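Heads up, the thing below is written out as structure tokens.
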Amino acid sequence: MTQTKLVSPIGKADWPHIHTPDTRFNADGDWKIGLRLPASSKEAKELMTLLDSKVDEAVEKFDAKKRADPPYKEDGDEILFRFKLKTVIRSRSGQEWKTSVNVVDSKLQPIPKSVLIGNGSKVRVSYNTRLYSAPMGAGVSTDLSGVQVLELVEYNPDKSGFDATDGFSADTIQVDEKENYTQTETAQEESGDF
């Protein structure tokens, strides 16, 4: 069965795991990215319509009694679309395929894995739709294929997000010697009576 790659409208990246897989719920990991679009936008409405029609198609194809949730949800004034792909695909016969996500810049040049794409980056997502039937109902998956980064907001795990500003400074207070207790001194104090 031939699949057609679809491309999302431009939106804001949400928790992208496109260079390093998310292993929170799957030991092998999942490539994934959320795409935020304004709820009132024509693009969001068209994408929701497309995905809803694919869920309808799955319900009909599998003669399902239940309808699974579509791969998007309302989040305030935005719609959050979810795209995901397992890092390892296993067939019923035991064959395995490792997957990857094609991550490129606006000129279609590959982005090195050392560049961490952060929340708020302006991106487009390339994906395939796949119909499924499960106990929770029939639905559609949006299988992640690629990400084009148009405006980069680089993720920096060492940065607090704050900029220096006028106001209180810890340099103006004297350090209490008790703040510098060693672990042994603290344990001796805690063992005494109150």
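The values are calculated or read from the model by the stated rules, or taken from the named source; none is laboratory data. Given the structure is predicted, the values throughout are model-derived calculations rather than measurements. All Cβ positions, glycine included, derive from the backbone under ideal geometry; neighbour counts span all protein chains shown. Side chains included, ligands, DNA and RNA excluded: accessible areas come from the protein's heavy atoms. Shrake-Rupley method; radii C 1.70, N 1.55, O 1.52, S 1.80 Å.
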Q) Of all residues in segment 1-52 being within 17 Å of the chain's Cα centre (by Cα) and of a type in the set (D, E, K, R), which is most open to solvent (accessible area, probe 1.4 Å)? A) 24
Q) Looking only at segment 102-124, which residues are open to solvent by 20 Å² or more (accessible area, probe 1.4 Å) and touching a strand residue (DSSP E or B) at 6+ places or on another chain (Cβ under 7 Å)? A) 102, 105, 106, 110, 111, 113, 115, 116, 119, 120, 122, 124
Q.
Considering only segment 125-138, I want to know if a residue exists there that is touching an Asp or Glu at 6+ places or on another chain (Cβ under 9 Å), aliphatic (A, V, I, L, M), open to solvent by 100 Å² or more (accessible area, probe 1.4 Å) and touching a residue at least 24 places away in the same chain (Cβ under 8 Å).
A. yes
Q.
Out of 111, 117, I need the residue that is under 13 Å from the mean Cα position of the chain (by Cα) and within 25 Å of residue 12 (Cβ to Cβ). Which one?
A. 117
Q) Does segment 139-155 contain any residue that is farther than 19 Å from residue 36 by Cα, out of contact with any helix residue (DSSP H, G or I) (no Cβ under 7 Å at 6 or more places or on another chain) and either among the hydroxyl-bearing types (Ser, Thr, Tyr) or surrounded by 13 or more Cβ atoms within 10 Å (Cβ to Cβ) (or both)? A) no
Q: Could you tell me which of the residues 46, 60, 74 is in a strand (DSSP E or B), free of Cβ contacts under 8 Å to residues at least 40 places away in the same chain, over 15 Å from residue 149 (Cα atoms) and not polar (S, T, N, Q)?
A: 74
Q) Quick one: would you say residue 64 is farther than 17 Å from residue 127 by Cβ, open to solvent by 90 Å² or more (accessible area, probe 1.4 Å) and not β-branched (Val, Ile, Thr)? A) no
(Q) Among the numbered criteria (1) in a loop (DSSP other than H, G, I, E, B); (2) surrounded by 10 or more Cβ atoms within 10 Å (Cβ to Cβ); (3) modelled with pLDDT under 95, which one does residue 94 miss? (A) (2)
